[in-house]
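Coordinate-derived values only; no laboratory data. The structure presented is a predicted model; accordingly, all values stated were derived computationally and were not measured.
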Amino acid sequence: MSRPSSDHQVYTVQRRLKYEQVLGEKNIDRHSSPICDSSLGGFARHPPSPKVPVRNDDWNSVQHAVVGLFQEKRLSCEEMIILCTSVRNMAKSPVRTLLFDYYQNQLLMKGMVILREKIRKDEGAKLVYSIGMLWDYFYTVILPVLELVFQPIPVQKLSLRQTTLIAFRDIVVLKVKLYDSLKQKSGEILPSLRQMLLVLQNIHDFVNHPHSNYLKLEALVGMAISPYLGYKGLYMGDSEPYRPATVVLRQKYHGRYNASIV
C-alpha cells in the first residue's frame, strides 16, 4: 500500500486539530473520547492535557521527530498529531519565549546540516541536479510539516516560513559549490533549481541595503535565470550584471527601456 502524500498528511492533521478544538469548546471528557473519528484513521486516545508541565521528554521528542524528518523519515499522521500537541503544550508554558530561538538555532541548524551533507561532495552537473532534487523534498515535504507543527510558537521579525527558508539559503545553498557549477555551465538547470533561487531571493531580510548573503544568492540567480533584474542591475546569464543598476535606471528614465522589461 502506498504512503499518503505529505499534503494529505498535513490536511489530515489540520482536520484532527480542528476536531480537538471542537471537543474542548464542548467540554467533552478527552480521556474518555477517541482521539479521532473513523474518517481520520482511528488513532489512539488523546495525548496529555496542555496543563501538564513541560518535561525534558517534550523537548527530546520534538527534536527527535524533526531531525528524523530531515533524514527523510516520514512521520505518520498519528506521530504528527502527537508532535503538534507537544509543541502546542510548550507554546502555552513558561518556556514559550524560548521556543523561537530553540527552533532557529538548534532544530534548523541540525536539520540543514543534515541536508547539506547529502550534497556537500557533489560538483558540476551532479550538484546542479542533486540540489534541485533536494529542494523538491525540502519544499514539498519538510517545509509544510514544519509550518504546521510550529505554527503556535511566537515569532520575531520574520515569519516561521521565512526563517526556515533563510536557514536553507545560508546553511545549504551558499555552503556548497553551486556558484562554481553554474559558472561552468555544468548540466541542465532543472525547473526546481530555478524555483529554489527565485523563492529564496524573494525573502528580503534586510532594511535598507542587502547583506552579503542576499547578494551572493543574486549572483546565482543571475547565472541561472536570464534575463533577471536584481538589486545590482540587469543580469543576462552571468554572475555580474550586464547593465549595472544605475545604468538601467538612467536608461529607463530616458525612455530607452520598455517599462515592462525594467
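You can think of it this way: the chain between residue 236 and residue 188 has 15.6 nm of extra reach, that is 0.36 nm per residue less the Cα-Cα gap.
Length gained on full extension, residue 180 to residue 95: 26.2 nm, using 0.36 nm per residue less the C-alpha separation. Annotation: amide H of residue 233 within the under-5 Å range of 245, sequence separation 5 or more or interchain, hydrogens built in the peptide plane.
Taking 0.36 nm per residue of separation and subtracting the current Cα-Cα distance, fully stretching the chain between residue 211 and residue 158 would add 17.5 nm.
Restricting attention to the range 177-251, the count of lysine pairs at 8 or more positions apart or across chains with alpha carbons under 17 Å apart stands at 4. For the range 81-149, the extents of the C-alpha atoms along the principal axes are 49, 21, 14 Å, listed from largest to smallest.
Treating each Cα of the range 119-169 as one equal point scatterer and applying the Debye formula with no solvent, the log10 of I(q)/I(0) at q = 0.19 Å⁻¹ comes out as -0.70.
Globularity index of the range 96-234 is 1.06 (Cα radius of gyration / 2.2 N^0.38 Å, N = number of residues).
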